[in-house]
Amino acid sequence: MSTMSDHQQVVQVPLYHSELWGLESKWLDLLPMGVYFCDADGVLLRWNRYAVKLWVREPRRGDTQEKFCGSLRLFKANGEALAHAACPMANALRTQTHQRIPEVIIGRPDGSQRIVSVTIDPIWDESGKLAGAVNVFQDITQQRRAERARNHVEKRFFRLLQKLPAAAYSCDADGLITYFNSRAEELWGRSPTLNDPVDRFCGSFRLFSPDGKTIQHENCWMALALRNQRDYEGEEILIERPDGSRRSVLAYATPFREDSSNIVGAVNVLIDITDRKQAQARISQLLANEKEQSEQLREADRRKDEFLAMLAHELRNPLAPIRSGLDILAMDPRQEQETVELMQDQLEHLVRLVDDLLDVSRIMRGRIELRRETVPLSELIERSVDAVRPMIRENEQELTVSLPCESIYLDVDPVRFVQVIGNLLTNASKYTDPGGSITLTAALMDDQVKLTIEDTGVGIDQELLPRVFELFAQSSRSLDRSKGGLGIGLTLAKNLIEMHGGSISVHSDGKDCGSTFVIHLNYVDDPMIEVVETKPAEICKPRRILVVDDNRGAAFLLGRLLQKLADHEIETAHDGPTALELALAMRPDIILLDIGLPLMDGFQVGQTIRNNPELDDTLLVAVTGYGQETDRQRSIDAGFDEHLVKPPSIDQMRSILSHSKLK
């Protein structure tokens, strides 16, 4: 046995002695290293089990085609291929000298490699003739990889890791921990043993995913970096210490390579984000509370909008028969015309209040869509002045309008623009004493038109001036309500002008000093005006009309108004099923249909009518107190041709009677 362990001397061994062969066979398989024998020609004669384990194959004994070594491929320490004929065993047989090679790489059939140290001694028989050689080789793969990983870390990262304000550690290619800094030890709550298979990939006691699921060490980010040969940056993981406490960390696992590009280890930097996570949890809770409060506010706002819509509906329902009745009275010259006109003015005022109330709600939520047109400024001013002239005349005030000589065109929604100017002129008249004056001036300034509305009225309190455009803002002068209004007109004006891309401002020197409102708005340089030929009004033909409203008075008076306009055949119904029966019986030209009906609502009635081919030619008109955009869209979806908001005016009725769908 001494002849196989002492490699410093040439030993003569009786290779073919039967007792020696038997003795060697028993002991060779017990050695923790590879051992094999070759004859003088390099043919493999015998090997132990460990040699087969390292080669991962069983050589062909005595095969002259397989010589010097049982591995398929050999490489030098630098990775260069090494031919079997030039390997250490071949050199020992050729030179008949002892060979000690610290590092040779064995290539195995599965493509893996092992690093071995090689010691070879020649063997002579009793006659002194070379009989062969014995090769004793040890697997030093783990040591070499550990050394390389440790050297790599020490050379390039040791100082950095020591100074890092975070936990850091390194592993070799097999996941054995080769280094950790003091912050890693503090984070883990323990000090793992270096190069110990028990502590592979991470020195923590236990690992968990952010959602609390257990993570085995072989599936942690360090293990994945080594296995997948890629970086993992900012991956969250929970570390549990031996005392049961847990820390949230971000892992930055980076594999490193040797010159031959083989992975030799990895470094993992762990950033403790426990405090940040706890702060984020507190912030998340605050945000959740804020979200809940916002949802509550949105719900309150939604309920407010529903209330306003319902309020408008309930107000418009009684307004409809009032307007119809007044229109009937106004058509009879025998009635007291002055009283009728006064009642009509008050009704129109009430209608405007309801419309303003809904408009401000829609504008504040961005629900109003502008329908822009290119319109002459003079036409817009004329329409605005005509709307307030009766009020100014009644208050015995003087209105002066001054416009440039040249034609000016604006790209605006004419209805909304007239609404703004009308609101400003109405306010000016309201807060100016009888005999006072109001001036409306337009002037060009660069690429904008400047509109100024000035009055000699009571002025605006200095304390109110900065918030005069805020919703419901009103001066103390109006607490007696003698001037009327809801305090929303200026809010509407400001929002509508800004939606047009313009601006509005106000100035007043205080009590009894009057007020001045100034609007700046872009004008159109080269307007393309489409000339529309106006057709003479057609004579209203008698029609078959079905009026459906659960308010019997409203249905009766609307029918009477229609009969005043022409000799129409009128039928009324007050619920959905009755309306359907009458519609099939009389085949009306027009159905004026309320939405809020008993038994069947107006949308259901409208859809049923539209599904009946016999009523395809019938003009279906919704007449309802619901006037929001969503209500109009529902009417369209249900098959209505038109949507009128209560109370419909006599002009709207005339428009319906001359609708293009009617033959």
* Label points 7 Å out from Cα along the Cβ direction at Leu45 and Arg298: separation in nm? -> 9.0 nm
* Compactness of the stretch 496-626, expressed as Rg and Dmax over alpha-carbon positions, Å -> 23.6, 69
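What ranking do Tyr523, Tyr169 get, fewest neighbouring Cβ atoms within 10 angstrom at the top?
Working: Tyr523 17, Tyr169 27.
By the 10 Å Cβ count, ascending, the order reads Tyr523, Tyr169.
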* Packing rank of 34-45, 87-98, where each peptide gets the mean count of other beta carbons within 10 Å, highest leading -> 34-45, 87-98
* Asked: How about Lys129: which lysines have a C-alpha closer than 29 Å to its C-alpha, ignoring those fewer than 8 places off in the same chain?
  -> Lys26, Lys67
* Asked: Hey, fewest Cβ within 10 Å first, where do Val623, Val468 land in order?
  -> Val468, Val623
* Asked: Extension gain Arg383-Thr193, at 0.36 nm per residue separation less the Cα-Cα distance, in nm?
  -> 59.2 nm
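Per-residue counts of other Cβ atoms within 10 Å, averaged by peptide: what ranking do you get for 403-415, 272-284, highest first?
On the way: 403-415: 15.9, 272-284: 12.5.
Top of the packing list down: 403-415, 272-284.
Order of 549-557, 394-402, 498-506 by packing, highest average Cβ count within 10 Å first?
On the way: 549-557: 20.2, 394-402: 13.2, 498-506: 15.8.
So the order, starting with the most tightly packed, is 549-557, 498-506, 394-402.
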* **Distance (nanometres) between label positions extended 7 Å along Cα→Cβ at Arg94 and Asp601** => 10.1 nm
* Read phi for every residue in the stretch 163-171 and hand back ³J(HN,Hα) as whole Hz from Karplus 6.51 cos²θ - 1.76 cosθ + 1.60, θ = phi - 60°, with x for Gly and Pro. => 8, 4, x, 8, 6, 8, 7, 10, 10
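Return Leu286, Leu54 ranked ascending by Cβ neighbour count within 10 Å, so the fewest neighbours appear first. Spell out each step's value before the answer.
Working: Leu286 10, Leu54 21.
Fewest-to-most Cβ neighbours within 10 Å comes out as Leu286, Leu54.
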* Asked: In µm²/s, what is D for the stretch 369-522 at 37 °C and 0.692 mPa s, where D = kT/(6 pi eta Rh) by Stokes-Einstein and Rh is the Kirkwood radius from Cα pairs?
  -> 208 µm²/s
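Which pairs break 31 Å Cα to Cα here: Lys494/Lys661; Lys155/Lys277; Lys155/Lys213; Lys76/Lys155; Lys430/Lys646? Could you put the intermediate results ahead of the total?
Numbers: Lys494/Lys661 39 Å; Lys155/Lys277 35 Å; Lys155/Lys213 37 Å; Lys76/Lys155 24 Å; Lys430/Lys646 27 Å.
Pairs exceeding 31 Å: Lys494/Lys661; Lys155/Lys277; Lys155/Lys213.
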* Asked: Residue by residue through the stretch 389-401, which ³J(HN,Hα) values in whole Hz follow from phi under the Karplus form 6.51 cos²θ - 1.76 cosθ + 1.60 (θ = phi - 60°), with glycine and proline marked x?
  -> 4, x, 5, 5, 5, 4, 7, 6, 9, 9, 10, 10, 10
* Would you kindly give the portion of the calculated P(r) for the stretch 144-272 that falls above 26 Å, as a percent of all Cα pairs? => 12 percent
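None of the figures in this text is laboratory data; all of them are computed from the coordinates on show. Here the structure is a predicted model, which is why all the values come from computation and not from measurement. When we count neighbours, we look across all protein chains shown, and the Cβ atoms used for this are built from the backbone with ideal geometry, even at glycine.
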